[in-house]
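Written out below as structure tokens is the structure these notes cover.
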Amino acid sequence: MTMEEKEIQEGKIFAVIGYLGILCIVPLLLKKENKFAFYHGKQGLVLFIVEVAAFILSVIPFLGPLMLRIAFFTCGLFSLWGIIQSLLGNYSRLFLVSDIADKITL
């Protein structure tokens with residue numbers, strides 16, 4: 001088993017946790033040295049920020065609740081895809097999310 005494969009195996013659970021809402025901070029704080037968990041944690045952080053922003057904007061009459069539903073549905077799909085890819089041991093790039101996550105430095 002190579003070092004990268006070992007790192008992926010050790011980081012899988014933390015990578016999955018990274019897609020579960022506010023729990024995205026767990027891999028970002030506890031597994032900073034694990035590239036796999038940290039990568040997925042940053043993508044989870046972006047999804048969580050989008051969900052929070054959508055929740056805040058949901059106070060806008062008529063348009064707000066629709067935006068909230070669309071954002072939660074989309075983030076849910078992205079999170080599910082990220083979880084599946086994490087369990088498979090893949091560094092998958094989520095559309096637009098990965099571009100933003102790559103710019104985050106912690």
**OP:** Kindly identify segment 31-90 as rounded, prolate or oblate by the Cα gyration tensor criterion: order the square roots of the eigenvalues as a ≥ b ≥ c, call it rounded if a/c is under 1.5, otherwise compare a/b with b/c, prolate if a/b is larger, else oblate.
**Re:** oblate
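Take the alpha carbon gyration tensor of segment 63-106, find the square roots of its eigenvalues, order them as a ≥ b ≥ c, and report rounded if a/c is under 1.5; if not, report prolate when a/b exceeds b/c, else oblate.
Taking the square roots of the gyration eigenvalues as a ≥ b ≥ c, segment 63-106 is oblate.
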Subject >> Under the Karplus curve 6.51 cos²θ - 1.76 cosθ + 1.60, θ = phi - 60°, whole-Hz ³J(HN,Hα) for segment 19-26, x wherever Gly or Pro sits >> reply: 9, 9, x, 5, 5, 4, 6, 4
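Once you sort the root eigenvalues of the Cα gyration tensor of the chain as a ≥ b ≥ c, which label holds: rounded (a/c under 1.5), prolate (a/b larger than b/c) or oblate (the other case)?
Details: a/c = 2.72, a/b = 2.25, b/c = 1.21.
In terms of gyration-tensor shape, prolate.
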**OP:** Treating only the Cβ atoms of Lys and Arg (+1) and Asp and Glu (-1) as charged, compute the dipole magnitude of the chain about its Cα centre; round to the nearest 20 debye.
**Re:** 140 debye
Original post:
Highest mean first, what order results for 38-51, 63-76 on Cβ atoms within 10 Å?
Top reply: 38-51, 63-76
**OP:** For every helix of n ≥ 4 consecutive DSSP H residues, a contribution of -39,500 (n - 2.57) applies; sum these over the chain, divide by its total residues, and give [θ] at 222 nm rounded to the nearest 500 deg cm²/dmol.
**Re:** -23500 deg cm²/dmol
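A short reminder: the numbers here are calculations on the coordinates, not readings from a lab. Given the structure is predicted, the values throughout are model-derived calculations rather than measurements. No Cβ is skipped: glycine too gets one built from the backbone with ideal geometry, and neighbour counts run over all protein chains shown.
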